[in-house]
Amino acid sequence: MRPKLRILLCAIVMTVLTSSVSGQFRLFGPRSPKPTPQPMRKASELISRQPPLKVNQSLLKQATPDNTHIVVSIPKQRAYLMIEDKVVADGPISSGRRGHESPTGHLHVLEKDPNHHSNLYGDFVDASGRLVRAGVSARIDSAPSGTHFAGAPMRWFLRLTEEGVGMHVGILPGYPASHGCIRQSTDGAKLLYDYVKVGTPVDVGDY
């Protein structure tokens, strides 16, 4: 093959290869860098924020277990400590979810227990207190061998029904989420606990 012809053929091949690579580059574009993974958000950031406990300090000075009552609004997800028609304190709650709705109507505080534990919902733990299975129901679930039931803590518990429904400290996701109890913030539950007594009226409903 003549040298000039060989050079011409090599030039044609190089042109075709260059065009092919260039076309693929334009078609698919440069490989974009992988997106930077977002840092995992804390659970507290995923919980819907409810306005915190609000207290009327001047009214609180007048409050006693003998002149207060409680009103719980299911639609507003708030609990109110009242003196007659005046709001002493207003705090967030989480009432019973669908299928486990909190009882409504004119109720009363039947019992006060600062360190109550549920006899229905809790965990299975071993002899050392180590968690084996969480979020169980004593009525439905069977304890694995070597474990026993440990009731969920319900700090500053105010019993409202004979079946065990009450008001106590719990997680507040911003919507009804409990098994029937009325969960409160720690400061809200402690305040209500301190300013009511056994027999205090508690009205729960669409207020």
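Here is how the numbers come out for the structure above:
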item	result
Evaluation of Ser142 against (1) at pLDDT 95 or above; (2) more than 19 Å from Tyr193 (Cβ to Cβ) (one fails), failing number	(1)
Within region 159-173, considering residues that are part of a strand (DSSP E or B) and of a type outside the set (Val, Ile, Thr), the one surrounded by the fewest Cβ atoms within 10 Å (Cβ to Cβ)	Arg159
Matching residues, region 182-199, being open to solvent by less than 20 Å² (accessible area, probe 1.4 Å), outside any helix (DSSP H, G or I) and either at pLDDT below 95 or out of contact with any Pro (no Cβ under 7 Å at 6 or more places or on another chain) (or both)	Ile182, Gln184
Residues of region 109-126 that turn out to be open to solvent by less than 70 Å² (accessible area, probe 1.4 Å), closer than 30 Å to Gln62 by Cα and assigned to a strand (DSSP E or B), as a count	5
Which listed residue is outside any loop (DSSP other than H, G, I, E, B), of a type outside the set (A, V, I, L, M) and open to solvent by 30 Å² or more (accessible area, probe 1.4 Å), from Pro153, Pro176	Pro153
Filter result for His106 (in contact (Cβ under 8 Å) with a residue 40 or more places away in the chain, open to solvent by 40 Å² or more (accessible area, probe 1.4 Å) and not charged (D, E, K, R))	yes
Search result, residues across region 77-93 that are of a type in the set (Asp, Glu) and assigned to a strand (DSSP E or B)	Asp90
Residues that are over 11 Å from Val87 (Cβ atoms) and open to solvent by less than 100 Å² (accessible area, probe 1.4 Å), drawn from region 52-62	Pro52, Leu53, Ser58
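The values are calculated or read from the model by the stated rules, or taken from the named source; none is laboratory data. Since we're looking at a predicted model, the values are computed, not measured. Glycine gets a Cβ as well: all are built from the backbone with ideal geometry, and neighbour counts include every protein chain shown. What goes into the accessible areas is simple: the full protein's heavy atoms, side chains included, and nothing from ligands, DNA or RNA. Shrake-Rupley method; radii C 1.70, N 1.55, O 1.52, S 1.80 Å.
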